[in-house]
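The values are calculated or read from the model by the stated rules, or taken from the named source; none is laboratory data. Note that the structure is predicted; figures quoted are calculated from it, not measured. Don't worry about glycine lacking a Cβ; one is built from the backbone with ideal geometry, like all the others, and counts go over all protein chains shown. With ligands, DNA and RNA removed, areas are computed over all heavy atoms of the protein, side chains included. Shrake-Rupley method; radii C 1.70, N 1.55, O 1.52, S 1.80 Å.
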Number of protein chains: 2
Amino acid sequence: MAANNEVGTIYPVQKIGAIAQKYNIPFLCDASQAVGKTPLNFQDWGITYLAISGHKLYAPKGIGALVVRKSKHLQPIIYGGGHQQGLRSGTLNVPGIVGLGEACKLRQLEMETDETAIATLRDQLQNLLQAAISDLVVNGDLNNRLSGNLHISIPDIPNSAIIARIRNQLAISTGAACSSGVVAPSHVLQAMNISENIIEGALRIGIGKFTTKAEIEKTSSLIISAVNEIHQLL
Amino acid sequence: MAANNEVGTIYPVQKIGAIAQKYNIPFLCDASQAVGKTPLNFQDWGITYLAISGHKLYAPKGIGALVVRKSKHLQPIIYGGGHQQGLRSGTLNVPGIVGLGEACKLRQLEMETDETAIATLRDQLQNLLQAAISDLVVNGDLNNRLSGNLHISIPDIPNSAIIARIRNQLAISTGAACSSGVVAPSHVLQAMNISENIIEGALRIGIGKFTTKAEIEKTSSLIISAVNEIHQLL
């Protein structure tokens with residue numbers, strides 16, 4: 001994984017790739033969260049297979065790619081007309097493919113400027129929340145994370161209580177989107193040895209290139225109001 | 001298969017479904033060629049699984065559906081986030097899905113009128129070709145075929161010789177699109193016991209709702225000129 005899909009930590013892909021290359025180990029890197037958000041070099045970083053996902057980088061939903069250095073070890077799981085050199089049969093999603101290509105091109109041009117602005121908004125939100133919620137915990141590696149990721153916990157306040165109060169006005173999640181509706185605690189936070197009262201309060205906030213300062217301020221006041229309301233009930 | 005993807009023959013799906021239902025046999029029907037072109041009733045025809053393909057009915061490329069009566073026998077081949085009740089993980093192709101739904105709705109409204117007009121154009125093309133090419137063979141079941149399908153052979157004239165002469169002006173194929181570039185003779189025509197000199201001349205022409213009468217006339221004259229040119233060389 002090039003960057004974690006919950007807490008946004010950026011992993012040392014280049015170092016991992018160098019080790020893999022040294023020992024001739026095929027290296028599959030899931031860069032869904034990272035591509036277009038943080039520098040990544042398929043050519044030079046010893047990555048054998050790179051997985052990317054369209055909607056994470058402003059391309060349409062439902063398109064992704066596996067970038068392959070050499071395909072000799074790849075086996076198809078979808079058979080049929082023999083498309084894509086037999087590796088994945090089926091009529092191609094042409095609008096999605098064009099959208100993904102265009103999005104990648106735009107990310108390369110805009111990434112640096114966009115991500116700087118996104119990090120500024122993320123830091124503003126973090127500061128606003130920290131100023132109002134004294135025991136706020138920010139999860140993950142603070143020096144090495146995706147600009148658009150803010151992963152917080154408010155100890156002893158279940159995330160479900162906060163989400164129930166703001167869900168009509170804010171799209172916010174407790175963890176990976178894949179796990180929506182799943183009540184089990186995040187395996188990522190458990191692996192980080194975070195205590196249970198903090199895991200139960202975990203909220204993942206995503207900030208993107210179309211997020212505005214006004215939305216950051218509204219988000220902050222929604223969360224703060226919800227927390228204050230819950231505190232009064234406890 | 002509800003309709004053949006080469007010669008356009010419409011199969012008796014309702015009768016097959018009735019037999020399957022009587023003996024409690026799961027019935028998977030590939031209706032990619034048929035949906036939106038000829039009447040089909042998933043509910044009443046004893047079909048357990050119905051496969052449809054978007055771009056065959058004017059939806060975007062790269063979207064399809066498996067309509068499932070009951071999913072208890074289905075096993076996933078793609079694992080991950082557990083989307084679609086665990087049957088096919090992965091972020092959904094939302095624009096494709098919306099496009100497929102809209103296209104299905106439109107086909108239901110427009111199918112009858114469109115297919116009547118398409119059959120008229122197809123018959124015009126067939127008549128023009130038959131009038132000029134005395135030994136023209138029309139393959140498939142002439143009474144029971146898709147309106148938009150015209151599958152012809154000119155005996156002893158290889159289809160590649162005709163295609164080479166018209167490919168810059170007309171999109172035309174020798175058989176299934178999946179087999180583009182494959183030189184092997186069509187398994188469909190072989191199974192129909194068609195003689196080799198007719199199989200080698202097979203050309204599949206697709207006519208759709210956006211085909212015009214002018215295009216039909218141009219198609220006919222392109223093919224006729226190519227045939228005459230080849231005859232003079234032989």
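Overview of results
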| quantity | calculated |
| --- | --- |
| Backbone N under 11 Å from the B:GLU102 label point (7 Å along Cα→Cβ), restricted to segment B:35-62 | B:59-60 |
| When the convex hull of its Cα atoms is projected in every direction, mean area for segment A:35-103 (nm²) | 5.2 nm² |
| Using a Förster distance of 41 Å, the FRET efficiency for A:GLU229-A:LEU66 (Cβ separation, nearest 0.05) | 0.35 |
| Accessible area buried between chains B and A, both sides summed, probe 1.4 Å, in Å² to nearest 100 | 1100 Å² |
| Under 14 Å from the Cα of B:LYS15 - aspartates and glutamates, other chains or at least 8 residues apart | B:ASP44 |
| Surrounding net charge for A:SER173, when Lys and Arg each add one and Asp and Glu each subtract one, Cβ distance under 12 Å | +1 |
| Cα coordinate range in segment B:1-140, projected on the principal axes (Å, largest first) | 59, 40, 27 |
| Calculated label separations, A:SER89, copies of the chain, 7 Å along the beta-carbon direction, nm | 2.4 |
| Listing of segment A:56-94 residues, each with accessible area lower by at least 50 Å² in the full protein assembly than in the chain alone (probe 1.4 Å) | A:LYS61, A:ILE77, A:THR91 |
| Globularity ratio of segment A:111-233, using Cα Rg and 2.2 N^0.38 Å | 1.02 |
| Computed over the protein assembly as shown, Cα set: Rg, Dmax in Å | 28.8, 95 |
| Å² of accessible area per residue within segment A:111-233, as computed with a 1.4 Å probe and no ligands counted | 53 Å² |
| Calculated Rg and Dmax of segment A:106-169 using C-alpha coordinates, Å | 14.2, 43 |
| Column: log10 I(q)/I(0), Debye, Cα scatterers of chain A, q = 0.13, 0.15, 0.18 Å⁻¹ | -0.88, -1.09, -1.38 |
| Per-pair calculated FRET efficiency, R0 = 35 Å: B:ILE77 and B:LEU109 via Cβ, rounded to 0.05 | 0.50 |
| Highest-MSF residue in chain B out of B:VAL98, B:VAL35, B:VAL137 [GNM, Cα springs under 10 Å] | B:VAL98 |
| Contour excess over end-to-end distance, with Cα ends at A:GLN21 and A:ARG167 and 0.36 nm allotted per residue | 48.0 nm |
| Segment B:191-234 - percent of accessible surface contributed by carbon and sulfur, probe 1.4 Å | 53 percent |
| Over chain A, relative contact order from alpha-carbon pairs under 8 Å, at least 6 apart, % | 19 percent |
| Segment A:8-38 versus segment A:130-148: alpha-carbon centroid distance in Å | 24 Å |
| CD proxy at 222 nm, helix term only [per DSSP H run n ≥ 4: -39500 (n - 2.57); per residue of chain B; nearest 500] | -12000 deg cm²/dmol |
| Cα→Cβ-extended label distance, 7 Å offset, between A:LEU28 and A:SER89, nm | 2.2 nm |
